[in-house]
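Structure first, commentary second.
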Amino acid sequence: MTFDIRQLNAFLAVVQHGSLGRAAQTLNVTQPALSRTIRRLEDQIGAPLFERYSTGMMLTSFGQALLPHATLLQREAEQATEELNALRGLARGTIRVGAVASAVSLVLPIAIGRVLAQWPNLQVHVVEGVGDLLTDALLTHDIDLAIGVSMPGTTEISVVPDCEWHDTSQIIAAASHPLRKRARLKLEDTVDHKWVLPPRGTAPFEELTRLFASRGLPLPDVVVETRSIIAIKSMVAHAGFLSWMPQPMYEAERAAGMADTLHIPGVGLQRRLMVFRRSKGILPQPAVKLLDELRLIAGKGPL
């Protein structure tokens, strides 16, 4: 079956906006014209894609099955058009990259700065998140490269060779935290204090769980779970919370005297940061340029 990209764009617009009227306005076409386009696509597939209600449109099981494929084809078409136009000098390419917060704090800005110094017409789209979010973004083509600690095992995502760094995760606390007054601080001293962490199932939460378990200790009192790095650092610096994060992420707070490592002998975990991409398909040229710089940085060792 051959799909018309214009029909797929119409289908995705209706999915996004939930009604023919709003989708037609976005596409700058009349509602009857958009309705005919959707009908032709349904006739080609041989099944209805939407359940039509007075309040809007809902996907049928056939529509739900088509959605990820339509999204992928649309993204591929957009990337192909973008690269061809860039070769003609008609448009700027876009780097689409995702990264964990540690890489966003140091490695990625350095690489992006170097790329833009050579290719000033490029644009950059950055997604910050942990492994599960970055995996989804790679598979849906929202990003072309991901920098992270690990990715769930899948044949659709592969590690880029010769491109890795290391950082070290530590327990952090405000400069005024009462634990700093305690001599010979031990890990068990932190158990009854309030903690803020990324959600259960994320790498930081699981790392801390394993750390405490290795010392025969229960998980500390994790009062707040959030994916917001800004919220985590603010709660550490201003609300007396403890947290667990790689050193590059709190360098600004350390330099400002607001928060720093809580020094406990034997506590600290070195992590390996790697670059991931989709196993199949051609890497867009803007992403290749960024990857070249990431490899150069990785070749110089830890930052």
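Here are the numbers for the structure shown:
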read-out: Members of the stretch 248-266 found to be crowded, with 18+ Cβ neighbours inside 10 Å and outside any loop (DSSP other than H, G, I, E, B), listed by number; value: P248, M249, Y250, E253, A259, D260
read-out: Selection count where residues are at pLDDT 85 or above, farther than 25 Å from E76 by Cα and charged (D, E, K, R), scope the stretch 264-303; value: 3
read-out: Search result, residues across the stretch 48-82 that are within 30 Å of Q285 (Cβ to Cβ) and either among the acidic types (D, E) or at pLDDT 90 or above (or both); value: L66, L67, E76, E78, E82
read-out: Matching strands (runs of 3 or more DSSP E) fully within the stretch 99-207 where at least 3 residues are in contact (Cβ under 8 Å) with a residue 12 or more places away in the chain and buried (at least 20 other Cβ atoms within 10 Å of the Cβ); value: 145-148, 157-174, 194-197
read-out: Within the stretch 58-72, tally of residues that are touching a helix residue (DSSP H, G or I) at 6+ places or on another chain (Cβ under 8 Å) and in contact (Cβ under 8 Å) with a residue 60 or more places away in the chain; value: 2
read-out: I45 vs. criteria out of contact with any strand residue (DSSP E or B) (no Cβ under 8 Å at 6 or more places or on another chain), at pLDDT 90 or above and within 20 Å of L12 (Cβ to Cβ); value: yes
read-out: Scan of the stretch 46-79 for residues that are touching a Pro at 6+ places or on another chain (Cβ under 9 Å) and among the hydrophobic types (A, V, I, L, M, F, W, C), ordered by number; value: F62
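The values are calculated or read from the model by the stated rules, or taken from the named source; none is laboratory data. Note that the structure is a prediction, hence the values are computed from the model and not measured. As a convention, Cβ positions derive from the backbone with ideal geometry for all residues, glycine included, and neighbour counts pool all protein chains shown.
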